[in-house]
1. Please name all residue pairs, on different chains or six or more residues apart, with Cβ atoms under 6 Å, provided the first residue is in the range 393-405 and is assigned to a loop (DSSP other than H, G, I, E, B) and the second residue is among the aromatic types (Phe, Trp, Tyr).
2. Exactly one of these conditions fails for residue 472: (1) buried (at least 24 other Cβ atoms within 10 Å of the Cβ); (2) in contact with a helix residue (DSSP H, G or I) (Cβ under 6 Å, 6 or more places away or on another chain). Give me its number.
3. For the range 672-700, what are the residues that are under 30 Å from residue 655 (Cα atoms), β-branched (Val, Ile, Thr) and in contact (Cβ under 8 Å) with a residue 60 or more places away in the chain?
4. Return only the number of the condition from (1) touching a residue at least 60 places away in the same chain (Cβ under 8 Å); (2) part of a helix (DSSP H, G or I) that residue 477 does not satisfy.
5. Do the conditions hold for residue 67, that is, is it surrounded by 15 or more Cβ atoms within 10 Å (Cβ to Cβ), under 24 Å from the mean Cα position of the chain (by Cα) and not aromatic (Phe, Trp, Tyr)?
6. Could you tell me which numbered condition residue 517 fails, if it satisfies all but one of (1) buried (at least 23 other Cβ atoms within 10 Å of the Cβ); (2) more than 19 Å from the chain's Cα centre (by Cα); (3) small (Gly, Ala, Ser)?
7. When you go through (1) among the charged types (D, E, K, R); (2) within 22 Å of residue 139 (Cβ to Cβ); (3) surrounded by fewer than 24 Cβ atoms within 10 Å (Cβ to Cβ); (4) in contact with a helix residue (DSSP H, G or I) (Cβ under 6 Å, 6 or more places away or on another chain) one by one for residue 293, which number turns out not to apply?
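The values are calculated or read from the model by the stated rules, or taken from the named source; none is laboratory data. In this text, all values refer to a predicted model and were calculated from it rather than measured experimentally. Note that we place each Cβ from the backbone using ideal geometry, even for glycine, and neighbour counts take in every protein chain shown.
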Amino acid sequence: MSIGKNIPHDSGELHVTGRALFTDDISLSHDSLHLAFGLSSIAKGSIVELDLSKVVESDGVITVISAKDLLFTSDTSPSANDEPLLSDGTIHFLGQPIFLVIASSHINARKACRLARVNYKEEKPVLTIEDAIESKSMIADGECHYIKGTPESAINAAPIKLTDSFYIGGQEHFYLEGQVAIAAPQEDGGLVIYSSTQHPTEIQHKVAEATGLKMHEVRVEVRRMGGAFGGKESQGNALAIACAIAAKATKKTCKMRYDRDDDIIITGKRHDFRIDYDLGFNEDGKILGIKFKHYVRCGWSQDLSLPVADRAMLHSDNAYNLEDVSITSHRLKTNTQSNTAFRGFGGPQGIIGIERAIDHIASHLNLDPIEVRTINFYRSGTLLKGNLQKPQTTPYGMPVVDSISTEITETLLKTANYKSRLEAIKAWNKDNSIIKKGIALSPVKFGISFTLTHLNQAGAIVNVYTDGSVYLNHGGTEMGQGLFIKVAQIAAETFGIGIDRIKISATDTAKVPNTSATAASSGADLNGMATKIACRKIVNRIRKVLSKENKISEDQIIFENGNILIGTKLISFTEGVLIAYQNRVSLSSTGYYATPELFWDRKTGVGRPFFYFSYGAAITEVAVDTLTGETNFLRADILHDCGRSLNPAIDLGQIEGGYIQGLGWLTTEELVWDKSGTLKTFAPSTYKIPCASDRPKVLNIELWDAPNRLDTVYNSKAVGEPPLILGISAWLAISNAISQCGTQYPHLNTPATPEEILKAIDRARNGV
């Protein structure tokens, strides 16, 4: 059978041989046109004069479009309709599109953009978190507050108190394949859109709106993406809309691809945060009361900032029971790129807040941070079985009945030889004054589901042909994460046939409508279950026919190993399919799944926004050069909960990639704007993502072997986002190494670049 087997990624061979077809590889007709945006060169102000005459006269230019030329509302926002495709005269950030060039080639379009003459009335931009706080610049609905218990009085009554503030940097998605879209006009006036997007239905909706078409006149197709990480959930809207408008105007296929520098300058990033915390605790490190304030830099528009900031609040407890807690979130508006979805969707920022607080407590009490973590963990779910203990609840009131943080931590400490390594590190630090070593553990408890409840639904269509082959389509998109092969395995398992019989087809809005984005780690949960339901319908139809023909009960008919066992009689799956066909039984079915038991009021911060939690833990060991701030990652040990893994090889790859991406976010990837609002780190030469040499020298990853207690698809658990959070252990390990340089808490910010490390070393030696 297929479930639980290490089956290779369906496009793995195509990827490594270069034969995989991405959107940019689609063959175009010789007369196809190419697009590029002309971008603003200031961060805030207004356009006084826009002279495009030289642009129009440039080689290969067909036409130029500005905001006044648009016939319909052309808004790119996924939420608040506050992101016009082209500036209406107001400039909100440096790099904002202000006109659109349609030309005979990509290079001609880009060259022409440089010839525009734009006169601005420039204003002082709001760029930083501090700028926004000072000017009270917030997006709509820009403040939210959740409270559980009486945190103020609990902190005041606590024997020990701490307060601190730290910064969490943003992160560029840096997907291997950049943003790209194609719009092909059809004979009936409709459009076919090829887009590198996580959300085909969103593209369909936005294109229809911008062109005056109905949604059924717009078909969006996505076969694969070369990475996305949340950056293609909403950021692809602008390219698809631009191509659609141009295709309608010219009656020709139009294509738009951002160059890497334009991609980074235009598109949104992971939200950067400032987190302030006040906490009270006892001598054992038990948290008695805590208050968080999140200051979230959203950029110039809403995009997905509200749900991102909400999710940061929802994950502020991580794996810890907080009886008296207050979380306040301030959503700040700045003249920078509109920050957007990024793997974890605010959860990592919320989690790092409590992890920093735990680390601070341990330092203050001179305790091993693991002791402090353990004493604050949610009660083990196993303790709730068969007794009357009331479940502990999250700050938003959801019972935590499945916690395995204690079990995972205890197991990992043993397999990673934590105690002996800790003693060895202490000995090393005693004998070495320049190179200091550190080690740290961080856990993760991550809620799985979209927090916008209605998005937790999915559809699929399955066709079985008379030769026993199966065609499968669902609403999820493949961005390299292995979703397609997992869903194919689910279909194969349900039919009891080999994976070779399953045809994996491109995501297509004409086949499965009204889909949610492939995001929130829910791709396999939603689309896999929808596919299983569709396959089960067909299995039950075949079973009913065979039961009648063989005068045997349906429960005695078993589908397995490419055959159908009818009592003691064995026929092939193909034979069973033919019998059903000859009896005029439909061999095609749709499947639909909606995640059960969800309810959530984001205004009050009360409900069950998640179906279940995924758990894990990582231990990272580092060496820090105290003269240069250089970091060397020596070893990482990871134990992660995937429930009953659908495909262990795929899951292990996701865990490894997620951890490294989290490590990059927190240690090397730094976004820098100058005082004019220019993003200076817009290329690989200035923005450092982790490379192969940056990975820990030893990297051990194991899966926690236990099925999901809840009825998920084959009792699996999501694996997309949670592993990124395990990179926090690397950041904490660096802080641990720095703490060996002095007696003060290092107050390390992120990313822990060499410059930030040297500052933290000074703080450890001399205080803040």
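1. Sorted first by the residue in the range 393-405, then by its partner, the pairs are 395/146; 403/378; 404/615.
2. If we test residue 472 against (1) buried (at least 24 other Cβ atoms within 10 Å of the Cβ); (2) in contact with a helix residue (DSSP H, G or I) (Cβ under 6 Å, 6 or more places away or on another chain), just (1) comes out false.
3. Our first condition is that a residue be under 30 Å from residue 655 (Cα atoms); within the range 672-700, this holds for 672, 681-700.
Going one step further and asking which of them are β-branched (Val, Ile, Thr), we end up with 672, 681, 686, 689, 698.
Of everything in the range 672-700, those that are under 30 Å from residue 655 (Cα atoms), β-branched (Val, Ile, Thr) and in contact (Cβ under 8 Å) with a residue 60 or more places away in the chain turn out to be 681, 689, 698.
4. Going through (1) touching a residue at least 60 places away in the same chain (Cβ under 8 Å); (2) part of a helix (DSSP H, G or I) one by one, residue 477 breaks only (2).
5. Numbers: surrounded by 15 or more Cβ atoms within 10 Å (Cβ to Cβ): yes; under 24 Å from the mean Cα position of the chain (by Cα): no; not aromatic (Phe, Trp, Tyr): yes.
No.
6. (2) is the only condition that residue 517 fails.
7. Result: residue 293 fails condition (4) only.
Yes/no matrix, rows are residues, columns are (1) outside the structural domain of residue 191 (by TED's automatic domain parsing); (2) assigned to a loop (DSSP other than H, G, I, E, B):
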| site | (1), (2) |
| --- | --- |
| 242 | no, no |
| 245 | no, no |
| 263 | yes, no |
| 276 | yes, no |
| 283 | yes, yes |
| 292 | yes, no |
